[in-house]
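I have a structure I would like to understand better, so I am pasting it below and will then ask my questions one at a time.
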Amino acid sequence: MNKLQGCELYFDCFSGIAGDMTLGALLDLGVPESAIRSELEKLPVAGYRFWHERVKRGALAGTKAHVDIAAAHDHAHDHAHDHAHDHAHAHDHDHAHEQQQHHHHDHPHRHYREIRAMLLAALGGDVLTRSLAIFDRIAAVEAHLHGTTVDEVAFHEVGAVDSIVDIVGSAAALAWLRPTRITSRRVPLGGGHVHTAHGVLPVPAPATLELLTGAEVEAGRDSEGELTTPTGAAILAASVSAYGPMPPLTLVGIGWGAGDRELTDRPNLLRVVAGQPQLTEHTGDVLVIEANVDDMSPELCEPLFEALFAAGALDVWLQNIVMKKGRPAFLVSALCDESTREAVTAALFEESTTIGIRHHAMSRTVLEREFVEVATPWGVVPIKVARRAAGAPVVNAAPEYEVCRQLARAHSVPVKTVYLAALGEFYRR
C-alpha cells in the first residue's frame, strides 16, 4: 500500500480550482499516471491526447495537465487551444474562451443522458461513483438554470472531451488515493465577467455559484477574472465534507496543479495536501442524527452508508427495532460534527425513505491514531494504532480489513489468515 493511500486530503485552492488544476495537482502529489490512463482508456472517447508537464506559475512550479484535441478537429480549434485565454483556467470549459461567441460549436454538445450511459457502460467501482457524483451535480444545476430536465441538459461547457477527461481522470486519481476525508479552504471565486455559450455572464458563473451552495466562498476583484470554474466547483461539491482551515495533519505529500494563465498577485496553482490525522485523546461534543425506517429495502442500506460517510459522518450504524403494529424496522444513526450536520441530514433524507429525522448532542473521547505498515507473506498491510498520547503504550491495533481482503483474494488464502499474520507481525516488532 502506497503511503499516500488512505490519507486525508486538503484542497488549498488559494487561487481557485479547475478540472485540469485538480488533475495536475493529484498527478504532482504522486498518483501514478497509469492509474488515470487505465480508466480513461475504458471510455469510448477518441480524438484527444492526454499529457502533463512541469511548469512555473510565478515563483513556484507545478504540474500542468493537458488535453489536446486531435488534428481531426483542428479546423474548429485553430485558436481555441493555443492557451492564450483571457481567464484563469482555460480549457476546463468553453466559457473560459475569450472568443467563445465566435465558435460555440468548438466542442461537441452532449446530452447528459449520453454521458451518463457512457460512464455506466465503461466504468465501475469508486471511479464510476465519483465520476457520476461530479457529473450529476453539474447536470442538476444546469437543468435548474436552463429550465430543462437533467437528461436533456446539453453540456456546452463541461460536456466536451477535455472536461470528460478532467472529471474522469480526477475521479480515477481520487479512487486510487482512497482518502479517508477531503476538506478544503474557503473557495475564492474571482470577479469580473466571462464569455459563455449563453452570452456574457458575471463571475462567478451561475453554475459555479449554484454548485457551491453550502460551501464557504469568498468574492474576488473584478480584475481577477474567473478563479473557480464549474468543473472545479463540482469536484469540490462532490468530494469535500468540510471547509475551513487545514486540520491537524502529519504531512505525507503535497501536490501542485497549474492553471493556464499567470496571475498578478499570486501563483496560479492549486495545492493538495495529503496527511494522516493528528487525533489526540480528548472529550468533545458531537451530534447523533438518526431516524426509524420501516419501509426501505435492505439493498439500499449500502448506498445510504456511502452517502452518509461522503457527507462527513464520523460513524454510521444500524439497529434492529420493532415499530407500531409489530412491524420490523431498523434505526439508522450517524455520528457527525456540527460543521457537517446539514450535509449528513440531507444525505439521510435523500438516500433513505424516512420523512423525519432526530438529532441530539453527545460527548465522546478519542485516542491518537497512526498507521504502521507490516510485511506479511502475502504483502504489506497497514495497521491502525491507537494510543492515549504520542509515545504512550498501544491501546488498540487493528489491520486494515480491505487490504487484508484484497491480499487474501489475490493469494487464495482465508482473510483471517492474513489478518492474524499482520497483527502478529506488528506485536512481534
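The values are calculated or read from the model by the stated rules, or taken from the named source; none is laboratory data. Predicted model, so just to flag it, every value in this text is computed and none were measured. Note: ideal-geometry Cβ built from the backbone for every residue, glycine included; neighbour counts use all protein chains shown.
Is it the case that residue 203 is over 17 Å from the mean Cα position of the chain (by Cα), among the β-branched types (Val, Ile, Thr) and over 19 Å from residue 271 (Cβ atoms)?
The answer is yes for residue 203.
Looking at the stretch 315-331, can you tell me whether even one residue there is in a helix (DSSP H, G or I) and among the hydrophobic types (A, V, I, L, M, F, W, C)?
no
Evaluate the stretch 178-193: report whether one residue or more is more than 30 Å from residue 34 (Cβ to Cβ) and modelled with pLDDT under 85.
Within the stretch 178-193 (the criterion being more than 30 Å from residue 34 (Cβ to Cβ) and modelled with pLDDT under 85), the answer is yes, since at least one residue qualifies.
Among residues belonging to the stretch 248-261 that are outside any strand (DSSP E or B) and surrounded by 15 or more Cβ atoms within 10 Å (Cβ to Cβ), point out the one that is farthest from the chain's Cα centre (by Cα).
261
Could you list, in sequence order, the residues of the stretch 362-378 that are in contact with a helix residue (DSSP H, G or I) (Cβ under 9 Å, 6 or more places away or on another chain) and either loosely packed, with under 13 Cβ neighbours inside 10 Å or not in a strand (DSSP E or B) (or both)?
Across the stretch 362-378, the qualifying residues are 375, 377, 378.
If we keep just the residues of the stretch 332-347 that are assigned to a helix (DSSP H, G or I), of a type outside the set (A, V, I, L, M, F, W, C) and free of Cβ contacts under 8 Å to residues at least 60 places away in the same chain, which is nearest to residue 286 (Cα to Cα)?
338
So, one more: Somewhere in the stretch 229-238, is a residue at pLDDT 90 or above and outside any helix (DSSP H, G or I)?
Among the residues of the stretch 229-238, at least one is at pLDDT 90 or above and outside any helix (DSSP H, G or I), which makes the answer yes.
Looking only at the stretch 241-277, count how many residues are touching a Leu at 6+ places or on another chain (Cβ under 9 Å) and among the aliphatic types (A, V, I, L, M).
Here the count works out to 8.
Shifting gears a bit: Identify, by number, the condition in (1) outside any loop (DSSP other than H, G, I, E, B); (2) at pLDDT 95 or above that residue 31 doesn't meet.
Checking residue 31 against (1) outside any loop (DSSP other than H, G, I, E, B); (2) at pLDDT 95 or above, the one that fails is (1).
If you check residue 270 against the conditions, is it closer than 24 Å to residue 228 by Cα and surrounded by fewer than 20 Cβ atoms within 10 Å (Cβ to Cβ)?
In short, no.
Can you find even one residue in the stretch 46-64 that is in a strand (DSSP E or B) and among the polar types (S, T, N, Q)?
Yes, that holds for at least one residue.
Looking at the stretch 161-209, which of its residues are in a strand (DSSP E or B) and within 25 Å of residue 313 (Cβ to Cβ)?
181, 182, 183, 184, 187
Using the structure shown, decide if residue 264 is modelled with pLDDT under 90, in contact with a helix residue (DSSP H, G or I) (Cβ under 9 Å, 6 or more places away or on another chain) and either in a loop (DSSP other than H, G, I, E, B) or buried (at least 17 other Cβ atoms within 10 Å of the Cβ) (or both).
yes
Next up: If you check 69, 17, which single one turns out to be within 24 Å of residue 276 (Cβ to Cβ) and either buried (at least 19 other Cβ atoms within 10 Å of the Cβ) or polar (S, T, N, Q) (or both)?
Step by step, each of 69, 17 is checked, and only 17 is within 24 Å of residue 276 (Cβ to Cβ) and either buried (at least 19 other Cβ atoms within 10 Å of the Cβ) or polar (S, T, N, Q) (or both).
Looking at the stretch 365-384, which of its residues are charged (D, E, K, R), in contact with an Asp or Glu (Cβ under 8 Å, 6 or more places away or on another chain) and within 30 Å of residue 331 (Cβ to Cβ)?
The answer is 384, and nothing else.
Return the residue satisfying two criteria in turn: it lies in the stretch 273-282 and is modelled with pLDDT of 55 or more and closer than 17 Å to residue 387 by Cα, and of such residues it is surrounded by the most Cβ atoms within 10 Å (Cβ to Cβ).
276
Another question, then. So in the stretch 228-247, with the set limited to residues that are more than 30 Å from residue 384 (Cβ to Cβ) and of a type in the set (A, V, I, L, M, F, W, C), which one is surrounded by the fewest Cβ atoms within 10 Å (Cβ to Cβ)?
Only one residue tops the list, namely 234.
Checking residue 260 against (1) more than 30 Å from residue 163 (Cβ to Cβ); (2) of a type in the set (D, E, K, R); (3) in contact with an Asp or Glu (Cβ under 9 Å, 6 or more places away or on another chain), which test does it fail?
(1)
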